[in-house]
């Protein structure tokens with residue numbers, strides 16, 4: 001019985017550590033991407049959009065849903081086929097992944113961090 005709380009704590013700590021790996025993104029190489037939302041998720045721990053730009057597709061990591069909602073980025077703004085511009089930092093080792101600092105949809109800009 002005592003092993004279950006230990007295992008749960010270990011799993012939680014591992015997930016928390018993996019979740020907060022922001023050093024994996026290169027803040028010295030900010031990018032601004034504009035494209036079409038191919039898919040989106042308003043999920044925990046972070047929302048996301050799959051953004052198709054002129055030359056490639058990007059997995060864009062957004063903020064947690066509660067933060068997006070409180071800052072004015074409603075779920076229905078992240079619709080497939082919609083246009084978006086994101087400013088953020090590319091992942092150091094995963095080509096095609098970006099951590100968004102802000103997103104602009106229909107002339108509304110939302111700060112995510």
| field | Members of segment 60-84 found to be crowded, with 16+ Cβ neighbours inside 10 Å and part of a strand (DSSP E or B), listed by number | value | 60, 61, 84
| remark: Of the residues in segment 86-110, those that are more than 13 Å from the chain's Cα centre (by Cα) and either in a loop (DSSP other than H, G, I, E, B) or surrounded by fewer than 18 Cβ atoms within 10 Å (Cβ to Cβ) (or both) come to 92, 93, 94, 95, 104, 106, 107, 108, 109
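Every number here is computed from the coordinates shown, using simple stated rules; none is lab data. Keep in mind the model is a prediction, meaning the values are calculated, not measured. Here Cβ is always computed from backbone atoms with ideal geometry, including for glycine, and neighbour counts include all displayed protein chains.
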